[in-house]
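The values are calculated or read from the model by the stated rules, or taken from the named source; none is laboratory data. Given the structure is predicted, the values throughout are model-derived calculations rather than measurements. Please note: Cβ atoms are built from the backbone with ideal geometry, for glycine as well, and neighbour counts cover all protein chains shown. Quick note on the areas: whole protein, heavy atoms, side chains included, nothing else; ligands and nucleic acids left out. Shrake-Rupley method; radii C 1.70, N 1.55, O 1.52, S 1.80 Å.
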Amino acid sequence: MSSVATIVLDASNYALILLLIALGLAIIFGLMNVINLAHGEFLMLGAYTVLSIQMAGGPFWLGLIAAPLAVGLFGLVIEEVVIRRVYHRVLDTILATWGLSLLLKQSIVLVFGPGSHSIEDPISASVMIFGAPYPAYRLFIMAISLLVVTATFLFFFKTRIGLAARGVIANRNMAACLGINTRNLDRMTFSLGAALAGLAGAVIAPLISLDPHLGLGYLVPAFLAILVGGLGSIMAPVVGAAGVGVTENLAATFLSPVYAQLIVFITAVLVIRLAPGGLLGKKRRQT
Amino acid sequence: MDKPVLELDGISAGYGTGLVLQDLSLTVDRGEVLGIMGRNGVGKSTLLKTLMGLLKVRSGRLTFSGHDLTNAPSYRVAAAGVGYVPQGREVFPDFTIRQNLIMGNLKARNDDIDAAMDLFPVLRERARATGGSLSGGQQQQLAIARALIGRPALLVLDEPSEGIQPSIVREIGTTLKQVSAEKGMTIMLVEQNMDMITQCCDRVVFLEGGRIATSVPAAQLLESPALLNKYMAF
Ligand SMILES: Nc1ncnc2c1ncn2[C@@H]1O[C@H](COP(=O)(O)OP(=O)(O)O)[C@@H](O)[C@H]1O
Ligand SMILES: [Mg+2]
C-alpha cells in the first residue's frame, strides 16, 4: 500500500498533465469554436517526437524542447490548410479534425509500426517525501506543468494580446470590428494549443508505452474536464482537470482503472446535468 | 473638391438568401456629419454591419479613403480607420472600463486612455468598474470612447440614444459635435431621435426599400414634416 503522500502526488501529477491538454482544447474551442478531435494525436506526436530523437541517439531533454516546437509548428500549418476553411461550421470542424486524427494515427503506423515503444527514464533518481521514495522525474513533470500553465495564464490575463484573445472569446465580431486581427489570433491560438498538447505528450512519454492510439485515453478525460469546468472560459480547465484528474486517479488507485473511468464518466455526466454550463460556466445570454 | 471619404456603389447585402439592401449607393464627404433615418426594420443596422464587414457584400463596391474594402474582414475595415459603435453597445461585460478602452486600441498609451476618459468624465470616476456593471447610458459612452481611442477617420454609430435618459443623450450629442468640430472627424449617425439628429447632423438621408430614398440638409428637416411622415410614420 502506497503512502498518502504518494497517492496525493500521483493524483496531482495526473491532474496537471490533464490540465496541459485541457487548456489547449479550451482555448482552441473558446476562440475558434473548434472542437479539436485531433488533440489526442497532437499529444501523440509530441511523444513520438521524443521517440524519434531517442532513436537518432539524441538526449531526452532535446526531445522535450523539440516536441512543443514541432507540434506547435504542425498546428500552425494545419490551421492554415484545414481549420481556417471550416471553422465557422461546427460539424465540419468535427469531421475535419476527426479525419486528421485518423490520418495522423495511420502515418505513425506507417513510420513507426503498429507496435509499442518505450522511452528511457530521463531521471531515475528518487526523492524521499514523508519517508517514502518518490520518482524525481514525476516531480519534474509537476514543476514544468505548473510553470507552463502559469505562463499561459499570465499571457492571457496580463498581456494586451491575451486581453484581445479573451475579447475574441467573449465577442468575436465586436473584437474584430475594433481592429483585433482575429486571423492572427486564430493562428496563434491553434498553434499554442497544439504546442501544449505536444509538450504534454513529451513529458509523459517516459511514463507510458507509446503506441499510435495513445491519444484517445487523454482526449476523453480532457474533454470531460472542460465540460465539467465550463465551456468558453479559460479558467474552467483548472477546475475541470483537478476534478476529473483527481477522481480518476484516486479511483484507479483504490478500485481499478476500469472502474475509475466509469466513475469519472458518471460523475461528469451528473455535474453537467446539474450545472449545464459547467462549474465555472456562465448562463447563456438570454435572447 | 475633395474626394468623398466613403463611397458605397450599388451595394446589395442581407441575411441568408434575402436581400435587405438592394443596389444602394451613398457617398459621404470628409468632415461631414451624416444622419441616417428610416423606419424600424428598413435596414439601417444592416447597412452599418455591411460597411463593417460583418455581412457579405453580394454585389457592388465599397471604397473608404481610397481603399477597396468590399468584403474585407472587419479588422481591416477598422484598421483602415472606421470606428464602430453598434446598436446595443456591445461593451465587454467582464472587462473593466480601462480594458474595454484598450480593446479599442491595443497600442493605447496612458495619455490616450486619459484623453478617451476626458470625453466622458464618468468613465474616469468608474475606471475599475466592469462594463457589465454600468448603466445603459454609461455603456453607450464607453462604447463611443472605445471607438474614438482608435483615432478613426470615420465614426459610425447605430442608435446611440436608444434606451438612454435624455440628459445623457444630450451629453453624447455635445461630445459628437465637439469631436466633429475639433478633429474634423466624419460621422455617420443612425438615429430615430430628432433632437440628436438636428443637434449633430449636416445632412440626413432616408432609407427605404433597400436604398437611399432622399437626402436633405438637416436644417430643412424641421420645416418639412411631410418627409418625416413619409419615411418615419408606421
Ligand atoms: N440576424 C438577422 N437575420 C435575419 N434577418 C435579420 C437579421 N437582422 C435583421 N434582419 C432583418 O433585416 C431587416 C433589416 O433589419 P435592420 O437592419 O436591423 O433594421 P433597422 O436597423 O433599420 O431597424 C429586418 O427585416 C430584419 O428583420
Ligand atoms: Mg437597427
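When A:Gly46, A:Gly72, A:Gly58 are screened for being open to solvent by 10 Å² or more (accessible area, probe 1.4 Å) and not basic (Lys, Arg), only A:Gly58 passes.
Filtered by the rule that a residue be part of a strand (DSSP E or B) and farther than 13 Å from B:Arg211 by Cβ, region B:3-42 gives B:Leu6, B:Glu7, B:Thr27, B:Val28, B:Val33, B:Leu34, B:Gly35, B:Met37. The residues of region B:58-72 that are of a type outside the set (D, E, K, R), assigned to a loop (DSSP other than H, G, I, E, B), open to solvent by 10 Å² or more (accessible area, probe 1.4 Å) and over 24 Å from B:Ser180 (Cβ atoms), listed by number, are B:Thr70, B:Asn71.
All conditions in (1) among the aliphatic types (A, V, I, L, M); (2) touching a residue at least 40 places away in the same chain (Cβ under 8 Å); (3) within 30 Å of A:Tyr48 (Cα to Cα) hold for A:Val168, with the sole exception of (3). For region B:180-231, filtering for residues that are among the hydrophobic types (A, V, I, L, M, F, W, C) and either touching a Cys at 6+ places or on another chain (Cβ under 6 Å) or surrounded by 17 or more Cβ atoms within 10 Å (Cβ to Cβ) (or both) leaves 17.
Within the set of pairs 6+ apart or on separate chains, which have a first residue in region A:89-104 that is touching a residue at least 12 places away in the same chain (Cβ under 8 Å), a second that is part of a helix (DSSP H, G or I) and open to solvent by less than 30 Å² (accessible area, probe 1.4 Å), and C-beta atoms under 6 Å apart? Within 6 Å, the pairs are A:Thr93/A:Val86; A:Ala96/A:Val86; A:Ser101/A:Glu41; A:Leu104/A:Glu41.
Just one residue in the set B:Glu125, B:Glu159, B:Glu171 is farther than 17 Å from B:Pro93 by Cβ, within 16 Å of ligand 1 (Cβ to nearest atom) and not basic (Lys, Arg); that residue is B:Glu159. Of the candidates B:Gly43, B:Gly66, B:Gly60, the single residue that is on the phi > 0 side of the Ramachandran plot, more than 14 Å from chain A (Cβ to nearest Cβ) and within 16 Å of ligand 2 (Cβ to nearest atom) is B:Gly43. Of the residues in region B:152-166, how many are more than 14 Å from chain A (Cβ to nearest Cβ) and either under 23 Å from B:Ser65 (Cβ atoms) or surrounded by fewer than 18 Cβ atoms within 10 Å (Cβ to Cβ) (or both)? Count: 4.
Filtering region B:79-107 to residues that are more than 7 Å from chain A (Cβ to nearest Cβ), open to solvent by 10 Å² or more (accessible area, probe 1.4 Å) and within 16 Å of ligand 1 (Cβ to nearest atom) leaves B:Gln87, B:Gly88, B:Arg89.
So is B:Leu24 touching a strand residue (DSSP E or B) at 6+ places or on another chain (Cβ under 7 Å) and either open to solvent by 10 Å² or more (accessible area, probe 1.4 Å) or touching a residue at least 40 places away in the same chain (Cβ under 8 Å) (or both) or not? In short, yes. Residues in region B:178-203 that are away from ligand 2 (no atom under 16 Å from the Cβ) and touching a residue at least 60 places away in the same chain (Cβ under 8 Å): B:Val179, B:Ser180, B:Gly184, B:Met185, B:Thr186, B:Ile187, B:Cys200, B:Cys201, B:Asp202, B:Arg203. Within region A:110-130, residues that are within 12 Å of A:Met55 (Cβ to Cβ) reach partners that are open to solvent by 50 Å² or more (accessible area, probe 1.4 Å) with beta carbons closer than 8 Å, at six or more positions or on different chains, in the pairs A:His117/A:Ser209; A:Ser118/A:Ser209; A:Ile119/A:Gln54; A:Glu120/A:Gln54. For A:Pro135, the stated conditions hold: it is buried (at least 19 other Cβ atoms within 10 Å of the Cβ) and touching an Asp or Glu at 6+ places or on another chain (Cβ under 9 Å). The number of residues in region B:15-34 being over 19 Å from the mean Cα position of the chain (by Cα), among the hydroxyl-bearing types (Ser, Thr, Tyr) and away from ligand 2 (no atom under 16 Å from the Cβ) comes to 1. Within region A:267-278, residues that are in contact (Cβ under 8 Å) with a residue 40 or more places away in the chain have Cβ atoms under 9 Å from residues that are among the β-branched types (Val, Ile, Thr) and loosely packed, with under 13 Cβ neighbours inside 10 Å in no pair, counting only partners at least 6 apart in sequence or on another chain. Taken residue by residue, region B:110-118 has no member that is open to solvent by 10 Å² or more (accessible area, probe 1.4 Å), within 16 Å of ligand 1 (Cβ to nearest atom) and not in a strand (DSSP E or B). Pairs, please: C-beta under 6 Å, at least 6 apart or cross-chain, first residue within 13 Å of chain A (Cβ to nearest Cβ) and in region B:128-151, second open to solvent by 30 Å² or more (accessible area, probe 1.4 Å) and among the aliphatic types (A, V, I, L, M)? Correct list of pairs: B:Ala145/B:Leu119.
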